[in-house]
Amino acid sequence: MGLGTFWGISAGAGDPDWLTVKGAKLLRSVKWVACPQNSSGQPGLAFQIVRPWLQPEHILIPLHLPFVTQPDQLQAAWRAAAEQLAPPLEQGEDVAFVCEGDVGLYSTFAYVARALQARIPNLSVQAIPGVASPLAAAALLGSPLVLGSEKLAILPALFALKDLEQACAWAEVVVLMKVAPVYPQVWQWLAEKSWLNRASLVVWAGWPQQVIFPTLERLANYQPPYFSLLILRSQTRN
Ligand SMILES: C[S@@+](CC[C@H](N)C(=O)[O-])C[C@H]1O[C@@H](n2cnc3c(N)ncnc32)[C@H](O)[C@@H]1O
């Protein structure tokens with residue numbers, strides 16, 4: 001018997017209608033759907049996004065993929081996920097792993113796939129691209145993310161303001177993901193440069209609780225949630 005394929009399906013950044021037609025077709029064709037769990041052990045955000053597209057026949061495999069940085073804990077979690085996912089794949093059945101946003105943008109999909117391939121060397125892994133949060137946020141702001149010769153820098157997290165300065169020296173548009181923990185320092189830095197009107201914040205893009213702030217001028221004391229993304233134009237656009 002052949003092996004199944006391990007699919008990474010990009011669920012899109014929030015709105016279930018942002019799931020691509022290809023992603024929806026693939027979901028319809030598989031029995032096994034894997035997704036990250038939330039901190040209460042329940043199927044997490046990616047599951048919530050694709051829920052309208054799921055059928056009672058789907059069998060859900062929630063995976064414990066903790067938000068930790070210690071390499072040994074992460075490796076153990078990816079190996080445990082691979083152990084859960086291997087049986088149907090080894091029996092020739094496809095498994096779809098759904099991820100929030102795009103599977104290729106700071107997603108756990110690649111790590112889980114790597115752990116699976118360490119266990120099942122000939123396993124086929126395929127990804128279906130989707131609506132990543134920077135593009136969703138730009139669309140909601142009603143402005144293209146980049147235009148013409150503009151360069152784009154995406155910072156996965158900000159550990160030092162120096163990184164932001166360097167990114168702004170190179171790119172006309174800078175996206176700060178995981179901005180929540182550093183928001184007060186970033187706001188202050190922007191205020192000192194009189195750049196508050198060049199930055200926008202999009203919170204929970206595509207979710208019912210979505211909030212869009214086209215500028216940061218009145219947001220000195222705001223505390224953004226984890227699902228917030230900042231888009232900064234280091235040059236004014238003509
Ligand atoms: C681990 S990354 C996952 C990115 C995701 N794979 C994507 O394609 O957008 C999580 C960060 O993405 C950003 N993000 C993802 N979805 C978002 C949304 N719906 N609204 C705002 N920010 C979002 C936030 O900055 C969050 O801290």
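Any read-out appearing in this document is the output of simple, stated calculations on the displayed coordinates, not a laboratory observation. Computed from a predicted model, the values in this text were never measured in an experiment. Cβ sites come from the backbone with ideal geometry, for glycine too, and all protein chains shown count toward neighbours.
Among LYS162, LYS178, LYS193, which comes first, second and so on when ranked by fewest other beta-carbon atoms within 10 Å?
Details: LYS162 9, LYS178 16, LYS193 12.
Lowest count first: LYS162, LYS193, LYS178.
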With x for Gly and Pro, the residue-by-residue ³J(HN,Hα) of the stretch 115-120, computed from phi through the Karplus equation 6.51 cos²θ - 1.76 cosθ + 1.60 at θ = phi - 60° and given in whole Hz, is 5, 5, 6, 5, 8, 10
Could you work out the helix-only [θ] at 222 nm for the chain, with each DSSP H run of four or more residues adding -39,500 (n - 2.57) and the total divided by the number of residues, to the nearest 500 deg cm²/dmol? -9500 deg cm²/dmol
Note, ³J(HN,Hα) from phi for the stretch 206-213, Karplus 6.51, -1.76, 1.60, rounded to Hz, x at Gly and Pro: x, 9, x, 8, 3, 9, 10, 10
Could you give the distance between the Cα centres of the stretch 30-95 and the stretch 165-238, to the whole Å? 32
Residues of the stretch 206-238 with amide nitrogen under 17 Å from the 7 Å Cα-to-Cβ point of ASN38? 206-211, 225-228
Picking from GLN70, GLN48, GLN188, which is most flexible by a Gaussian network model of the chain using Cα springs under 10 Å? GLN70
With LEU3 itself left out, Lys, Arg at +1 and Asp, Glu at -1 over residues whose Cβ is under 14 Å from its Cβ give -2
Bin width 10 Å, origin at 0, all Cα-Cα pairs of the chain: what percent of pairs per bin? 7, 30, 31, 21, 10, 2, 0
Taking the alpha-carbon distance from LYS31 and a cut-off under 30 Å, which lysines remain once sequence neighbours fewer than 8 residues away in the same chain are dropped? LYS22
Diffing the stretch 77-84: the Karplus 3J(HN,Hα) column from phi (6.51, -1.76, 1.60, θ = phi - 60°), in whole Hz with x for Gly and Pro, holds 5, 5, 5, 5, 5, 4, 4, 5
Of all beta bridges DSSP finds with both residues in the stretch 1-140, what is the antiparallel percent, to the nearest 5? 10
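Mind sorting PHE159, PHE6 by how few other Cβ atoms lie within 10 Å of their own Cβ, fewest first?
On the way: PHE159 11, PHE6 27.
Lowest count first: PHE159, PHE6.
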Scan around ILE154 for amide H atoms under 5 Å from its own, H built in the peptide plane at 1.01 Å from N, and keep only partners 5 or more places away or cross-chain. VAL175
How big is the antiparallel share of DSSP beta bridges in the chain, given as a percent to the nearest 5? 40
Please report LEU74, LEU164 as a ranked list, fewest other C-beta atoms within 10 angstrom at the top and most at the bottom. LEU74, LEU164
To check you understand DSSP bridge types, tell me what percent of the beta bridges within the stretch 133-233 (both residues inside) are antiparallel, rounded to 5. 75
